[in-house]
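Worksheet: the structure to be examined is printed underneath.
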Amino acid sequence: MQRQWGLLFREQLLRAGVTPAAIDKRLARGQLVAAQQCVYRMPGGMWDPRQAVLAAAMRAGGYATGWSALGLHGLLDLDGRRPPRWAHQPRAPP
């Protein structure tokens, strides 16, 4: 779960034997928190911007690209939304 930043797919829970009713009960009790539709996280931890990016990618069934991918790998500050200095280096005129 470390590679998933503490996020779980509904499908992962179902494959692990957790019933849909049990998932709903855990959501109602606050034992699970919905990060996106069908993507959950455990309560208590700080919500990290990288989790938001990964949750959106998981929900879409895809992956992060561009600035979002850089943020997931710690190469971009997702809080400040600023690209790193090295990301765009204008070329010197020929």
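Select from region 1-60 the residues that are part of a loop (DSSP other than H, G, I, E, B) and in contact with a Phe, Trp or Tyr (Cβ under 9 Å, 6 or more places away or on another chain) and write down the one among them that is modelled with the highest pLDDT. Talk me through it step by step, then tell me what you get.
Step one: list which residues in region 1-60 are part of a loop (DSSP other than H, G, I, E, B), which gives 1, 5-6, 16-19, 30-32, 37-38, 42-48.
Among the residues that remain, those that are also in contact with a Phe, Trp or Tyr (Cβ under 9 Å, 6 or more places away or on another chain) are: 32, 38, 48.
Details: Leu32: 93, Cys38: 88, Asp48: 72.
Among those that are part of a loop (DSSP other than H, G, I, E, B) and in contact with a Phe, Trp or Tyr (Cβ under 9 Å, 6 or more places away or on another chain), it is Leu32.
Looking at (1) closer than 18 Å to Arg3 by Cα; (2) among the small types (Gly, Ala, Ser); (3) surrounded by 14 or more Cβ atoms within 10 Å (Cβ to Cβ), which is the one condition that is false for Ala60?
Every listed condition holds for Ala60 apart from (3).
Suppose we keep only residues that are of a type outside the set (Val, Ile, Thr), touching a residue at least 12 places away in the same chain (Cβ under 8 Å) and surrounded by 13 or more Cβ atoms within 10 Å (Cβ to Cβ) within region 8-25. Which one would you say is farthest from Pro49 (Cα to Cα)?
Within region 8-25, the first condition is being of a type outside the set (Val, Ile, Thr), and the residues that meet it are 8-17, 20-22, 24-25.
Then drop every residue that is not touching a residue at least 12 places away in the same chain (Cβ under 8 Å), which leaves 8-11, 13.
Narrowing further to those that are surrounded by 13 or more Cβ atoms within 10 Å (Cβ to Cβ): 8-10, 13.
Values: Leu8: 16, Phe9: 18, Arg10: 21, Leu13: 23 Å.
Per the criteria, the residue is Leu13.
The values are calculated or read from the model by the stated rules, or taken from the named source; none is laboratory data. Please read these numbers as outputs of a predicted model, since none were measured by experiment. Counting neighbours? That spans all protein chains shown, and the Cβs are built from the backbone with ideal geometry, glycine included.
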